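Undergrad: Before I ask anything, let me first share the structure, which is written out below as structure tokens.
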Amino acid sequence: MSDVVAEPQFPAQYRATLKQALSDHGLDGARTFIAGFTEPRQRAQLWRLAASIASHDLRPFLDKAAAAEQPPWWTLDQLAELYQAGIDEALFIMDGATNAPEDAHWFKQAANILSYNLAADLAPCWPGDDQPREVRHYELGVATMRRAIRWRIELSKPAENMALAYWALGIHLLGLGEHADSVDAFNRALDYSRVAASEYGRKAEVSADGDWSVVLNSGFLGLARALGGDDSGTERYGASLLAFKAMGEDHPDLASDAKLGVDQLEKSARVFGLKAEEPPTPQ
């Protein structure tokens with residue numbers, strides 16, 4: 001899942017030049033490129049573009065055919081450092097905008113978006129991304145999202161955005177083995193997903209016709225409960241898998257989204273050690 005905010009738009013040559021700078025010189029390349037711009041909001045958007053390039057273009061799991069042709073690829077630690085540089089600059093400008101509430105709000109939002117995207121990239125649920133996650137990655141994800149959740153409350157973000165934030169917090173808490181806290185986070189994610197579904201006129205239920213986010217967060221809640229020793233969690237997790245599979249069969253236009261939901265849940269179950277069993281059929 002990605003945050004529901006459009007990527008900033010820049011001329012194509014900006015992306016090409018920035019990608020080359022990142023490929024050749026890493027974070028220093030981004031700093032040098034962005035240093036050529038003086039307008040604070042444009043700089044913040046360029047940090048977001050740099051993070052997007054590093055995340056989507058410079059990681060091998062996204063293009064295995066090219067992986068052998070262009071080493072070395074970016075590590076998670078390098079990616080996190082790049083994100084943090086962008087967040088730090090946004091916060092520095094925000095803190096200096098004491099007499100400009102609109103600017104302070106804008107840069108808090110910029111830091112919020114980068115924070116969520118960082119936590120999402122560090123999550124271990126993405127199909128094909130087999131880079132190992134370490135405790136430090138989960139710890140960073142938790143700290144990043146606890147702060148971002150506070151910002152989202154202060155920014156009066158809608159339910160859809162709050163659901164994403166609590167999902168990201170929950171998956172990193174799972175990585176730390178903090179099952180009770182992850183259950184709480186996924187409960188909140190599910191509650192916000194249901195609110196968002198109702199706002200969009202979608203069914204807030206776990207079924208082939210249900211809202212995608214509701215199905216996903218219910219599945220993650222079940223996974224967290226199962227890993228914490230609650231047997232009922234396995235049935236909830238299985239119900240979400242079945243709902244996604246039925247969604248893909250009943251709604252061909254949603255097949256790719258449904259498959260992504262299945263892949264995220266199944267990969268997370270493997271990573272976090274839930275025994276791979278055929279999900280039970282809900283009664």
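The values are calculated or read from the model by the stated rules, or taken from the named source; none is laboratory data. As the structure is a computational prediction, the values presented were derived from the model and not from experiment. Quick reminder, even Gly has a Cβ in these numbers, built from the backbone with ideal geometry, and neighbours come from all protein chains shown.
Undergrad: Just give me the residues in the stretch 189-202 being in a loop (DSSP other than H, G, I, E, B) and in contact with a strand residue (DSSP E or B) (Cβ under 8 Å, 6 or more places away or on another chain), in sequence order.
TA: Result: 202, single match.
Undergrad: Could you list, ordered by first residue, the pairs with Cβ atoms under 6 Å in which the first is in the stretch 123-145 and more than 12 Å from residue 271 (Cβ to Cβ) and in contact (Cβ under 8 Å) with a residue 24 or more places away in the chain and the second is among the hydrophobic types (A, V, I, L, M, F, W, C) and surrounded by fewer than 16 Cβ atoms within 10 Å (Cβ to Cβ), at least 6 apart or interchain?
TA: 128/61
Undergrad: Only one of (1) modelled with pLDDT under 95; (2) within 30 Å of residue 35 (Cβ to Cβ) fails for residue 115. Which number is that?
TA: (1)
Undergrad: Of (1) of a type in the set (Phe, Trp, Tyr); (2) part of a helix (DSSP H, G or I); (3) under 13 Å from the mean Cα position of the chain (by Cα), residue 186 satisfies all except one. Which?
TA: Of everything listed in (1) of a type in the set (Phe, Trp, Tyr); (2) part of a helix (DSSP H, G or I); (3) under 13 Å from the mean Cα position of the chain (by Cα), residue 186 misses just condition (3).
Undergrad: Right, next: Based on what the data block shows, is residue 77 loosely packed, with under 15 Cβ neighbours inside 10 Å, modelled with pLDDT of 95 or more and under 22 Å from the mean Cα position of the chain (by Cα)?
TA: yes
Undergrad: From the list 235, 266, 205, exactly one residue is part of a loop (DSSP other than H, G, I, E, B) and surrounded by fewer than 21 Cβ atoms within 10 Å (Cβ to Cβ). Which is it?
TA: Only one candidate qualifies: 205.
Every residue, every condition in (1) buried (at least 19 other Cβ atoms within 10 Å of the Cβ); (2) in contact with a Leu (Cβ under 7 Å, 6 or more places away or on another chain); (3) among the β-branched types (Val, Ile, Thr); (4) within 16 Å of residue 273 (Cβ to Cβ), yes or no:
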residue: 217; (1), (2), (3), (4): yes, yes, no, no
residue: 227; (1), (2), (3), (4): yes, yes, no, yes
residue: 243; (1), (2), (3), (4): yes, no, no, no
residue: 252; (1), (2), (3), (4): no, no, no, no
